[in-house]
Amino acid sequence: MPYTTITGIGHYVPKNVVTNQDLTAVMETSDAWIRERTGIEERRYIDRTKETTTSLAVEASLRAIADAGIDKEEIDFIVFATLSPDYYFPGSGVLLQRELGISGTEIAALDIRAQCSGFIYGLSTADQFIKSGMYKKILLVGAEVHSVGLDFTTRGRNVSVIFGDGAGAVILEATEDKDQAVLSTVMHSDGTYAEKLSYMYPGAHGGYFIEKYGLEGFDVEYDLENNQYGGVFWNQDMLDQARVYPHMEGQAVFKMAVRKFPEVIMEALTKAGLGIEDLNLLIPHQANLRINQFVANTMGLCDHQVYNNIMRYGNTTAASIPLALSEARDEGKVKKGDVVTLAAFGAGFTWAAAVLRWGK
Ligand code: UT7
């Protein structure tokens, strides 16, 4: 049975840098608050006239394709992880296929909706397809554009200051060499906490779960009895009440994240037949520098064993891990043969980890 190896990697971020200070012009916040609570110093936002989630993905993909030294027509499957797709449907995978100019290949394109864990969910999915022999050269992308969907008033500041735009991509190929392969992947979820980090409007739920679980602070007027047709997926009241924004109960997410990261990292290492002492580099999802420092301390890892770039990009959700892995490689922090562990936690809640031996 073949293993999966990363043969190419690339990332792309928009040129427009937005500092913490810039955000103080539109909401009550401060550079000191954002740095202390999150470690973030700046993030990138797209140029709204010519960039989208897919266009960021194209740039990252082209770099990964060039790095792998393959022709884009050789790609036989696209996996696209994002929570900020260009369209509600169709998915971003087909848009990427078109923008790369490979629609004529008629290969399948799969969108992954696992938020911050999306890239590792995508890696695990692609790994199974390569092991089964069904596909041989998979393009896996994580890309996000948050900047067009945030509440930039003081009301939304706990969420808005954190997120940024960016993309990262890898080419995954089959190999017989276990010394440069994905050694293990693990994935988990617990839907009990679905609304704690969510973007619920517009949506088909019609308020059902809000009533069922007695959720507070999500109400929207529906008048379902007199409105059998239309007006449920979205309506004016959602806009009037400014519900069309992400919602996050930060402390609940933080507490669960610092518990689940060490668990899932150890699970993936154990599944790979390795221990924490074998780890060369941990690339955690970049949600909050304080979460990553807490995890590093808990696990007894030194600074050079954990790669963070949230300071420059904020939280780019599904893009954060490939963006960090790509930068770490460019900076010479990942070397051939190194044991690299990727780990993520986020909305759902979902969490996941992967262990690989770097082969590039
Ligand atoms: O990738 C997705 C996964 N997401 C995460 O992992 C996020 C995990 N959670 C966090 O990172 C943190 O909870 C946050 C950074 C989001 C928030 O930090 P916190 O220490 O949990 O702050 P808090 O929400 O408890 O708010 C503390 C105070 C509040 O003011 P009062 O009520 O104490 O007067 C907030 O209104 O800080 C206020 N606040 C802000 N002040 C200045 C919230 N956001 C801001 C802000 N600027 N941007």
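The values are calculated or read from the model by the stated rules, or taken from the named source; none is laboratory data. All figures in this text were calculated on a predicted structure; none of them were measured in a lab. Cβ placement follows ideal geometry from the backbone for every residue including glycine, while neighbour counts extend to all protein chains displayed. All accessible areas refer to the heavy atoms of the entire protein, side chains included, with ligands and DNA or RNA removed. Shrake-Rupley method; radii C 1.70, N 1.55, O 1.52, S 1.80 Å.
Apart from one condition, Ala257 fits all of (1) buried (at least 22 other Cβ atoms within 10 Å of the Cβ); (2) within 13 Å of the ligand (Cβ to nearest atom); (3) closer than 19 Å to Arg44 by Cβ; the exception is (3). Picking from residues in the stretch 5-47 that are touching a residue at least 24 places away in the same chain (Cβ under 8 Å), aliphatic (A, V, I, L, M) and within 13 Å of the ligand (Cβ to nearest atom), the one that is nearest to Ala143 (Cα to Cα) is Ile40.
Of all residues in the stretch 277-294, those satisfying the criterion of being open to solvent by 30 Å² or more (accessible area, probe 1.4 Å) and either near the ligand (Cβ under 10 Å from one of its atoms) or touching a strand residue (DSSP E or B) at 6+ places or on another chain (Cβ under 9 Å) (or both) are Asp278, Asn280, Arg290, Gln293.
The residue that is nearest to Phe77 (Cα to Cα), counting only those in the stretch 132-161 that are among the basic types (Lys, Arg) and open to solvent by 50 Å² or more (accessible area, probe 1.4 Å), is Lys136. Does the stretch 264-291 hold any residues that are farther than 18 Å from Val182 by Cβ, in contact (Cβ under 8 Å) with a residue 24 or more places away in the chain and not small (Gly, Ala, Ser), and which are they? Scanning the stretch 264-291 gives Ile276, Gln286, Asn288, Leu289, Arg290, Ile291. Restrict the check to the stretch 269-281 and report whether at least one residue is modelled with pLDDT of 95 or more, on the phi < 0 side of the Ramachandran plot, touching a Phe, Trp or Tyr at 6+ places or on another chain (Cβ under 7 Å) and in a strand (DSSP E or B). Checked against the condition, which is being modelled with pLDDT of 95 or more, on the phi < 0 side of the Ramachandran plot, touching a Phe, Trp or Tyr at 6+ places or on another chain (Cβ under 7 Å) and in a strand (DSSP E or B), the stretch 269-281 yields at least one hit. Annotation: of all residues in the stretch 168-197 being among the charged types (D, E, K, R) and within 26 Å of Gly337 (Cβ to Cβ), the one that is most open to solvent (accessible area, probe 1.4 Å) is Glu176.
The set of residues in the stretch 198-252 being within 21 Å of Thr317 (Cα to Cα) and exposed (fewer than 12 other Cβ atoms within 10 Å of the Cβ) consists of Gln251 alone. Under the condition of being among the charged types (D, E, K, R), assigned to a helix (DSSP H, G or I) and within 19 Å of Gly156 (Cβ to Cβ), the residues counted in the stretch 36-66 number 1.
The set of residues from the stretch 199-216 being without any contact (Cβ under 8 Å) to a residue 12 or more places away in the chain and in a loop (DSSP other than H, G, I, E, B) comprises His205, Gly214, Glu216.
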